[in-house]
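Step one of this worksheet: look at the structure below.
Derivation of every value follows stated rules applied to the coordinates shown; laboratory data play no part. This is a predicted model, so every value here is computed, not measured. Counting neighbours? That spans all protein chains shown, and the Cβs are built from the backbone with ideal geometry, glycine included.
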């Protein structure tokens, strides 16, 4: 499992290079870099690092601690992700390939696409109990916030949560980072668009008999 590093830094020349130099000092292999957000002269960048074991992590922490004070390390954690692949594209490909289990595919692949630890689909207004959940989801689910009528990021006792209603249904997708940074506005928007596109692809196509979970979603 790779490492997810999130850094908030000045949005200007040279700031990103300071992070990459620190990572090079620690001999970290950078798999990808993604700009998550930009606002008020600041940027939030995500780095996916190949670091197969916990050995040597103190070297990485030491290198990051030497970054200028204007740089803030927001997270350094293990994530479910597949290097050299595009989890969002995998999600849509899976929904097209097996539309009869589209909701299950959505839930299974959202943790990789959203750098989350687990995901689940719950009935809107329910406080606990999953219709379907990914690997790593707690059983039973902890009590969740109430109605969740729109895409939103919240801090909860289980960690950072994002919830996105499945369009045209009474179900809500919930993803969680148990030990990670809050979901930023752009992340919430991107996940909502991904959910909307996945559901639209399924609704527009012909499919074999749907699974019980997907049938429940598509029935509205």
Of the residues in the range 57-75 that are touching a residue at least 24 places away in the same chain (Cβ under 8 Å) and assigned to a loop (DSSP other than H, G, I, E, B), the one that is nearest to the chain's Cα centre (by Cα) is 71
Look at residue 37 and say whether it is within 29 Å of residue 88 (Cα to Cα), surrounded by 13 or more Cβ atoms within 10 Å (Cβ to Cβ), in contact (Cβ under 8 Å) with a residue 60 or more places away in the chain and in contact with a helix residue (DSSP H, G or I) (Cβ under 7 Å, 6 or more places away or on another chain). yes
Would you confirm whether or not the range 191-200 contains a residue that is buried (at least 22 other Cβ atoms within 10 Å of the Cβ), assigned to a loop (DSSP other than H, G, I, E, B) and either touching a residue at least 60 places away in the same chain (Cβ under 8 Å) or in contact with a helix residue (DSSP H, G or I) (Cβ under 8 Å, 6 or more places away or on another chain) (or both)?
no
